[in-house]
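So the structure is just underneath, and the comments pick up after that.
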Amino acid sequence: MLKFHVIESGYFLGDGGVMFGPVPKKYWSAKYKVDEKNMCEMSLRCLFIETDTRRILVDAGLGDKHEARLKFFQPYNQRNMVEEIRRIGYEPEEVTDVILTHLHFDHCGASTVLNGKNEVVPTFPKATYRVSLSQWKNYRNPTLFEKGSFFPENIEPVYDAGQLQFVLGDMELDDQIRLELYDGHTPGQIVVLFEAEGKKYAFPGDVVPTSLNIALSWLSAYDNSVAIAMEEKKRFLDKAKEEKRTLIFYHDAYTPMATV
């Protein structure tokens with residue numbers, strides 16, 4: 001039996017011109033709220049999945065280690081990930097898996113935490129953390145374009161603790177959960193596919209960050225390769241439509257889920 005919980009881990013403000021990239025403001029501002037400074041409210045919507053044998057966190061928000069570095073994004077209503085998981089009914093030691101769609105700072109901040117000695121350690125000490133090997137290689141040798149999106153303290157302590165496992169390609173995590181890899185926004189981003197109560201779901205991360213991005217040409221200036229991002233998004237959406245999946249959006253502050 002699989003159950004899932006949406007964790008609203010917080011919000012930040014993103015520049016609309018960056019978030020919606022090549023789309024003219026006259027179009028995206030008619031569909032997504034924007035303030036006088038061109039800033040849009042963006043969510044940090046994570047996922048917690050329970051199965052008979054696993055307790056899985058998918059993505060980990062901003063965390064609370066980088067407040068000074070993130071002033072531009074004006075984070076607010078940030079939730080403590082450990083406390084959110086406790087509300088579901090589990091202690092951090094009971095989390096078995098952490099799946100990171102990719103290693104950009106806004107998706108893996110709470111992967112690690114400061115302990116009582118001010119040391120950065122894995123937040124979930126008994127969990128296996130999963131990231132794609134291609135994403136790891138990209139993080140270790142980033143392009144100048146993407147370098148600022150990676151904060152080593154979010155993942156290096158996990159690697160040092162021997163808790164990091166690399167996803168080499170599309171795979172079945174178990175008979176209820178599938179992981180698929182997509183390029184474009186960043187190499188080897190993981191999309192999590194699962195079924196609950198007879199319905200099929202997908203957690204596409206930044207392959208499709210908001211409901212507006214379902215439109216193929218609605219991309220982001222943060223996409224590493226816009227041309228590849230469009231092709232990969234089409235590949236994902238074609239499958240999602242065929243399989244009648246409901247998408248759970250990481251960054252859409254107003255539409256948590258939608259079908260294609």
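The values are calculated or read from the model by the stated rules, or taken from the named source; none is laboratory data. Predicted model, so just to flag it, every value in this text is computed and none were measured. In this analysis, Cβ positions are derived from the backbone assuming ideal geometry, glycine residues included, and neighbour counts consider all displayed protein chains.
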Task: Cβ pairs under 8 Å, 6+ apart, first in segment 126-137 and over 15 Å from residue 150 (Cα atoms) and at pLDDT 95 or above, second among the charged types (D, E, K, R) and not in a loop (DSSP other than H, G, I, E, B) - done: 126/93; 126/94; 127/97; 128/97; 129/97; 130/97
- [ ] Among the numbered conditions (1) out of contact with any helix residue (DSSP H, G or I) (no Cβ under 6 Å at 6 or more places or on another chain); (2) of a type in the set (D, E, K, R); (3) modelled with pLDDT of 95 or more; (4) on the phi < 0 side of the Ramachandran plot, tell me where residue 244 comes up short.
- [x] (4)
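Given the criteria at pLDDT 95 or above, outside any loop (DSSP other than H, G, I, E, B) and more than 17 Å from the chain's Cα centre (by Cα), does residue 45 qualify?
The answer is no for residue 45.
Residue by residue, here is whether (1) within 15 Å of residue 100 (Cβ to Cβ); (2) in contact with an Asp or Glu (Cβ under 7 Å, 6 or more places away or on another chain); (3) among the aliphatic types (A, V, I, L, M) holds:
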| position | (1), (2), (3) |
| --- | --- |
| 163 | yes, no, no |
| 175 | no, no, no |
| 192 | yes, no, yes |
| 195 | no, no, no |
| 240 | no, no, yes |
| 249 | no, no, no |
| 253 | no, yes, yes |
Open item on the list: Given the options 161, 253, name the one that is small (Gly, Ala, Ser), modelled with pLDDT of 95 or more and within 27 Å of residue 125 (Cα to Cα).
Closed with: 161
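Scan segment 239-247 and tell me whether some residue there is assigned to a strand (DSSP E or B) and under 24 Å from residue 15 (Cβ atoms). First the steps, then the outcome.
Of all residues in segment 239-247, those assigned to a strand (DSSP E or B) come to 245-247.
Still in the running and under 24 Å from residue 15 (Cβ atoms): 247.
Yes, segment 239-247 contains at least one residue that is assigned to a strand (DSSP E or B) and under 24 Å from residue 15 (Cβ atoms).
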